[in-house]
Amino acid sequence: MQFLDDYQRIVAEAIDKYTFKDKPLELYEPMNYIISHGGKRLRPIMVLMANDMFDGELEKALKPALAIEFFHNFTLIHDDIMDEAPLRRGKPTIHTLHGVNVGILSGDALLFKAYKFFEDLEPNLFKACMRVFNHTGLLLSEGQQYDINFETKGDVTFNDYIRMITYKTGILSASSFEIGALIAGANFTDAKAIFNFGKHVGIAFQIMDDYLDVFGQQESFGKMHAGDIVENKKTVLYLLAKEHATEEERKELEFWYSKKTDNLDKIYSVEKIFRRTKVDEKALLLIQKHNEIAQHYLNKINVPDEKKKPFIELANYLLRRES
């Protein structure tokens, strides 16, 4: 999509402009390292998209958009440390290259740099954006803790799962859109509507990730097949399977999820239950449901339909992946 390419170019040029030249190098070079890896940079793009939707000024929204990108990368550095992940976007993680201490410090410094990017906003707008930004950070932390808890908690419910992915994935997309809208001067009703659009697209995106972990084309997905099964992640597939399984199948699921192993028998047995209970079809229906809720909120926004088209295209792009 051309509009995405245009936004990615704008964000990339801004990141190049604000490359860290501070010292000590041991702190700032790892920060430049993770920021330069790019990825799709969807969250700063969401800030700019919402700002454009409400006829905001690009220059005014650009630094806050970078703040969201820096904040996102701060969370990734710390996530990688917690997960002991060796790779991020196909490259060695910061703690692998520089050690855990540097990873923690460079992540913290990215967070403080993110805050600084809001400083040019006028006081009332600064306060409004900070309220959203701080609330987002707290919910992300709660979501991460819930995710950690679920690995050893036996009685995770579907509502527990939805809350966890809302906090871990949905909230940052939602807040990126809301901050862009606020900077452009959108009214409270429209800003909340675009927030809810982003939240439900984020929820659908995470359910799609869970689905692809088992049912996707792993060669292009870039992840180990059934990694969530190996890690005992209580994903939507697991929860739907437990709900629709026979008593014997439920016991088998609980048996395998009590062992953290990449044993092929475990993966094969769990996948067999997933297929018998048709959780693939049920997950795709949930993705469709949350996409429809997102579109409902988008329709409520008081701007011409032409301005809504990129948001529909973005949702379709994110949710119609085969890998």
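Below is a table of values for the structure above.
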{"item": "Among Gln206, Tyr268, Leu182 the positive-end extreme of the charge dipole of region 172-313 (Cβ point charges)", "result": "Leu182"}
{"item": "Per-pair calculated FRET efficiency, R0 = 35 Å: Met1 and Lys260 via Cβ, rounded to 0.05", "result": "0.30"}
{"item": "Heavy-atom surface of the chain, accessible at 1.4 Å and reported per residue (Å²)", "result": "48 Å²"}
{"item": "Under-18-angstrom lysine pairs by C-alpha in region 1-98, whenever the two are 8 or more apart or on separate chains", "result": "5"}
{"item": "Within region 219-295: Cβ-based charge dipole about Cα centre, in debye rounded to nearest 20 (Lys, Arg +1; Asp, Glu -1)", "result": "120 debye"}
{"item": "Mean separation of Cα contacts under 8 Å, 6 or more apart, over the residue count of region 1-103: relative contact order %", "result": "25 percent"}
{"item": "Dimensions (Å) - region 111-180, Cα atoms, principal axes, largest first", "result": "48, 21, 14"}
{"item": "For peptides 169-180, 257-268, 89-100, sequence by mean Cβ density within 10 Å, most packed first", "result": "169-180, 89-100, 257-268"}
{"item": "Over region 133-261, relative contact order from alpha-carbon pairs under 8 Å, at least 6 apart, %", "result": "23 percent"}
{"item": "Surface share of carbon and sulfur [accessible, 1.4 angstrom probe, percent] for the chain", "result": "52 percent"}
{"item": "Translational D in µm²/s for the chain (Stokes-Einstein at 4 °C, 1.567 mPa s, Kirkwood Rh from C-alpha pairs)", "result": "63 µm²/s"}
{"item": "Computed accessible area, Leu298, all protein chains, 1.4 angstrom probe, square angstrom", "result": "0 Å²"}
{"item": "Relative contact order (%) - criterion: Cα under 8 Å, at least six apart; region: the chain", "result": "17 percent"}
{"item": "Overall form of region 284-323 per C-alpha gyration tensor (a/c, 1.5; a/b vs b/c)", "result": "oblate"}
{"item": "Candidate lysines - alpha carbon under 29 Å from Lys278, same-chain residues fewer than 8 apart omitted", "result": "Lys153, Lys168, Lys199, Lys223, Lys233, Lys234, Lys242, Lys251, Lys259, Lys260, Lys266, Lys289"}
{"item": "Theoretical gain in end-to-end length, Leu27 to Asn149 [0.36 nm per residue, Cα-Cα removed]", "result": "40.8 nm"}
{"item": "Cα extents of region 191-323 along the three principal axes, largest first (Å)", "result": "54, 32, 21"}
{"item": "Cα lying deepest toward the dipole's positive end in region 226-323, options Ala315, Gln288, Val303, charges on Cβ", "result": "Val303"}
{"item": "Rounded to the nearest 10 Å², the accessible area of Met164 at probe 1.4 Å", "result": "10 Å²"}
{"item": "Shape of region 17-157, Cα gyration tensor, a/c cut at 1.5", "result": "oblate"}
{"item": "Inter-label distance, nm, simple model (7 Å from Cα along the C-beta direction), Asn124/Glu13", "result": "3.2 nm"}
{"item": "Among 108-119, 142-153, 13-24, the order from most to least packed when residues are scored by Cβ within 10 Å on average", "result": "108-119, 142-153, 13-24"}
{"item": "Over region 127-262: Rg over Rh, Cα atoms, Kirkwood Rh", "result": "1.06"}
{"item": "Expected 222 nm ellipticity per residue - DSSP helices of 4 or more, -39500 (n - 2.57), all of the chain, to 500", "result": "-24000 deg cm²/dmol"}
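The values are calculated or read from the model by the stated rules, or taken from the named source; none is laboratory data. Every value quoted in this text rests on a predicted model; they were computed, and no experiment measured them. Cβ atoms come from the backbone with ideal geometry, glycine included; neighbour counts cover every protein chain shown. What goes into the accessible areas is simple: the full protein's heavy atoms, side chains included, and nothing from ligands, DNA or RNA. Shrake-Rupley method; radii C 1.70, N 1.55, O 1.52, S 1.80 Å.
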